[in-house]
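Here's the structure, in structure tokens; my notes come after.
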Amino acid sequence: MDDRATILKYMDIIAPPDDVAKEFIEKFKRMAREVIGTSIEVPKDLSDVLGLEKLSIIDNKLYVTMSNGQAYPLSTSPSSIRSVVPIILALESEFRTVLIDGLEDHLHPKAQRVLTKMIVKVVKSGKSIVLSTNSDYVLSTINIMIGLYHKDRERGLDPKMVSAYLVKRSEDFPMTKLAIDELGIDDSEFSQILDEMLDERNTIYAVSYTHLRAH
């Protein structure tokens, strides 16, 4: 905690009191023991993307086993693994409501899509998920699952099970409820950024083409 507190201090972030941090760690360990028992296999589609095969409790510590057969303490694992393991545990836990802040953190786009589909499956089983994201991959995957619903209700996601809000940075952080239909959540905010990038790219190529033609 001393090293972490020092880092946070330099970042102008107030570190949590030791007793709060300790309580959080103990709750996390308890959830891990309840979910994992001795060990659990990671879903294959997620394992294929991350190379993470198994979670184990060894000497009261959480270990991850990678595709090369090596087991490492979670604390020394890559950032992508450290990000995804708490989400896996929370999804597999007895908690009926799970909050996930920044699902996409440290994750490859394909891993984001796989994890989002796992979340959809969990939601359909009756668990409530409150998810914040800045990822177009996450939103697009949710929309694909919603779009699938009218063709395959078993695999798709009922749009009536979804609520979405847009939060913009300002003094009062206003929340705007987004429209949801059979095609999914309104993604115009992401589409606008994509359009800007395409326009910029087209401008660059147009300039390059003109330059080549001139010579």
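Scoring 84-94, 159-169 by mean Cβ neighbours within 10 Å over their residues and listing the highest first yields 84-94, 159-169.
The dipole here belongs to the chain: it is taken about the Cα centre, uses +1 on the Cβ of Lys and Arg and -1 on the Cβ of Asp and Glu, and is about 620 debye. Shape annotation for the chain: C-alpha extents along the principal axes are 69, 48, 45 Å, from largest to smallest. Pairs of C-alpha atoms in the range 109-158 farther apart than 15 Å represent 42 percent of all such pairs.
For the peptides 188-197, 54-63, the ranking by packing is 54-63, 188-197, with the highest mean count of neighbouring Cβ atoms within 10 Å listed first.
Stokes-Einstein diffusion of the range 96-215 at 20 °C, 1.002 mPa s viscosity, Kirkwood radius from Cα pairs, rounded to a whole number: 130 µm²/s. Protein heavy-atom accessible surface, 1.4 Å probe, per residue over the chain: 70 Å². Between Ile58 and Asp19, take the C-beta separation as r, use R0 = 25 Å, and let me know the FRET efficiency to the nearest 0.05. Working from the Cβ atoms, E equals 0.40.
The values are calculated or read from the model by the stated rules, or taken from the named source; none is laboratory data. None of these values were measured; they are calculated from a predicted model. Cβ coordinates were reconstructed from backbone atoms using ideal geometry, including for glycine residues, and neighbour counts include every protein chain displayed. Keep in mind that these areas ignore ligands, DNA and RNA; they rest on the heavy atoms of the full protein, side chains included. Shrake-Rupley method; radii C 1.70, N 1.55, O 1.52, S 1.80 Å.
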